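Colleague: The structure's right below; bear with me while I get my questions together.
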Amino acid sequence: MSRGVRGVAFDMDGLLLNTEDLYKQVGIELMRRRGKEYREEVRKKMIGLPAAKAFSVLIEEEELEDTWQQLQRETDELFENVLEEQLALMAGVEEILEIVEAKGLPRCVATSSTRRFAERALGKAKILERMDFVITAEDVARGKPHPDIYMEAASKMGIKPIEMLVLEDSEHGTKAGVEAKAIVISVLNEHTKHGKFEGASMIVDTLLDKRVREYLDKA
């Protein structure tokens, strides 16, 4: 990887915050209320997708009568207590942010979550104030795996997509970054390690991997 980095875009769920863990808990309760199991194969299909698409997958796979909006509202309600009690930063986030800040690189969060949820979660984790801006699936015509969100992120930074480093944890997010022509480092976790990360410049198991820091040090 020799391309210069002039800005950094962070995914949120499973990359900055442990919200993929929390989404699993909430999903289990959501389906329990309907007398169903939150099947792992269905959950994996939903990871990284905007709410409308993710819940549409759940509705189709489980033949639910709810609309995606109803599922979103119920999910938001379930998250109220979970966020207060269990929200945490993913390993290595603080270290990477310190490098990005020290270099004065523009930075943002580009997430498939709703703006309301993203700002609440990032604010509680003290990350919101350290970002230049946040882009959500609500701000673009097409969510991940389409490249729109990362193309918009680069545009708002005033740089070309090929000058932007994207840090992602999911297959859908990685595809979005690659199709935007950004530099993509895929950071796997227990929820996403099953995915395909074609086109990623680097694949690591954690942001603590020294190769991520070394790459940013060269930016």
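Colleague: For each of Leu167, Leu16, count neighbouring Cβ atoms within 10 Å of the residue's Cβ, then give the residues from fewest to most. Kindly include the intermediate steps, with their values, before the conclusion.
Modeller: Working: Leu167 27, Leu16 24.
So the residues, fewest neighbours to most, are Leu16, Leu167.
Colleague: Another question, then. Using a 10 angstrom Cβ neighbour count of at most 11 plus a DSSP loop assignment to flag exposed GluC sites (Glu not before Pro), which longest range of the chain is free of such sites?
Modeller: After excluding every exposed loop site, the longest remaining stretch is 66-189.
Colleague: Could you state the angle between the C-alpha long axis of helix 68-86 and the longest principal axis of the C-alpha atoms of the chain, as a value from 0 to 90 degrees rounded to the nearest 10?
Modeller: In the chain, helix 68-86 runs at an angle near 70 degrees to the longest axis.
Colleague: Evaluate the charge dipole of the chain about its Cα centre and quote only its size in Debye, nearest 20, assuming +1 on the Cβ of each Lys and Arg and -1 on the Cβ of each Asp and Glu.
Modeller: The dipole magnitude comes to about 720 debye.
Colleague: Roughly how tilted is helix 148-157, in degrees to the nearest 10 and between 0 and 90, from the longest Cα axis of the chain?
Modeller: Result, in degrees: 40.
Colleague: Summing Lys, Arg as +1 and Asp, Glu as -1, what charge do residues with Cβ under 11 Å from the Cβ of Glu98 carry, Glu98 excluded?
Modeller: 0
Colleague: Please give me, ordered by residue number, the trypsin sites (Lys or Arg not before Pro) of segment 61-146 that lie in loop per DSSP and have at most 15 other Cβ atoms within 10 Å.
Modeller: Working: sites: Arg73, Lys103, Arg107, Arg115, Arg116, Arg120, Lys124, Lys126, Arg130, Arg142; in loops: Lys103, Lys126, Arg142.
Sites meeting the loop and neighbour criteria: Lys103, Lys126, Arg142.
Colleague: Count charges around Val42 for me, please; just the other residues with Cβ under 12 Å from its Cβ, Lys/Arg as +1, Asp/Glu as -1.
Modeller: Net charge in that neighbourhood comes out at -1.
Colleague: Can you give the net charge of the other residues whose Cβ lies under 11 Å from the Cβ of Lys210, counting K and R as +1 and D and E as -1? Write down the numbers at each step before the final one.
Modeller: Details: positive: Arg211, Arg213; negative: Glu95, Asp209, Glu214, Asp217.
Around Lys210, the charge tally is -2.
Colleague: Now for a different question. Among the listed pairs Lys45/Lys193; Lys124/Lys175; Lys44/Lys193; Lys53/Lys144; Lys24/Lys45, give every one whose C-alpha distance is greater than 21 Å.
Modeller: Lys124/Lys175
Every number in this text was worked out from the coordinates using simple rules, so none of it is lab data. All values reported here derive from a predicted model rather than from experimental measurement. Note: ideal-geometry Cβ built from the backbone for every residue, glycine included; neighbour counts use all protein chains shown.
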